[in-house]
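The values are calculated or read from the model by the stated rules, or taken from the named source; none is laboratory data. Here the structure is a predicted model, which is why all the values come from computation and not from measurement. Positions of Cβ are generated from backbone atoms using ideal geometry, with glycine treated the same way; all protein chains shown enter the neighbour counts. Heavy atoms of the whole protein, side chains included, go into the accessibility calculation; ligands, DNA and RNA do not. Shrake-Rupley method; radii C 1.70, N 1.55, O 1.52, S 1.80 Å.
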Amino acid sequence: GSNASQAALWALLAAALFWKDIDTFVQTTRETRPYSTSGLPASLLEGTGAGPNDDFQFNIPVNTPGGALKGVELTWQQGLSFLPAPFDQLGVILNYTYVDSQIQYRTAAGLNSLETDLTGLSKNAYNATLYYEDERFSARVATAYRDDYLTTVPGRNNNDIEGTHATLNVDFMATWKYSDNLEFFFEGVNLTDEWDDQYVDSVGDRLSTYTRTGREYYLGLRFRN
């Protein structure tokens, strides 16, 4: 058939299964106790206003037994050249990942704590991109989502866990090639104005940190000799 009909059929559909055995995982535990029990010299407190009997929070690395990490990743890429012009320059990229991993966590004293999700790991995550590309102009809208994830197990002050709530971010990027030497670009970051929402305790879900970077916009040019 013609080049156009062949381009219309272009696509990528892929699936990948993965499994990894984590022999040991180094977790960071938090423990609050008097400074005098740390074994550190009291001279380090000079000028701070704190004394040896004051409580401090200590971050202590501990080796855990580890556990299995398993999941699946699905990817679809498609050029939409079968659409009427100018939409025939559009394309989509979709990606979805599911991951599951259970880790036996320990306390600072080395005793077993919770057996729960690996820190920093979202069970569900996806990325979706819609793009347009021709000889001079290109643009794309990208969406990224991830589930809640744990940041610390066990949590501070006798809480069972600490974590971060789910996020959905949308970014935009456009480029116009004025000549072989000069191009202009516009970029919008975090268009959904997503917040960094961190919490403590799986039941109480008490607010720990709530920070906002806001939407960011960039306009510029690139020049090449």
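Worth pointing out:
- Heavy-atom accessible surface of the stretch 116-225: percent carbon and sulfur, 1.4 Å: 51
- Spin-label model, Leu40/Leu74: points 7 Å from Cα along the beta carbon direction are separated by 5.0 nm.
- Around the amide H of Leu121, modelled in the peptide plane, lie the amide H atoms of Leu150, all under 5 Å away and 5 or more residues distant in sequence or on another chain.
- Carbon/sulfur fraction of accessible area - the stretch 1-113, other protein chains in place, 1.4 Å, %: 59
- Alpha-carbon centroids, the stretch 104-137 and the stretch 203-225: separation in whole Å: 19
- The stretch 155-174 and the stretch 21-62 have Cα centres separated by 26 Å.
- Options [x] 18.2; [y] 22.0; [z] 19.5 - which one matches Kirkwood radius over Cα pairs in Å as calculated here: [y]
- By the rule of a C-alpha distance below 26 Å, with chain neighbours fewer than 8 residues away ignored, the lysines paired with Lys20 are Lys70, Lys123.
- Note that the chain presents 62 Å² accessible area per residue, ligands and nucleic acids not counted, probe 1.4 Å.
- Inter-label distance for His165 and Val189, nm, one decimal - labels placed 7 Å from Cα along Cα-to-Cβ: 2.3
- Residues of the stretch 131-145 with amide N under 17 Å of the 7 Å Cα→Cβ point at Tyr218: 138-143
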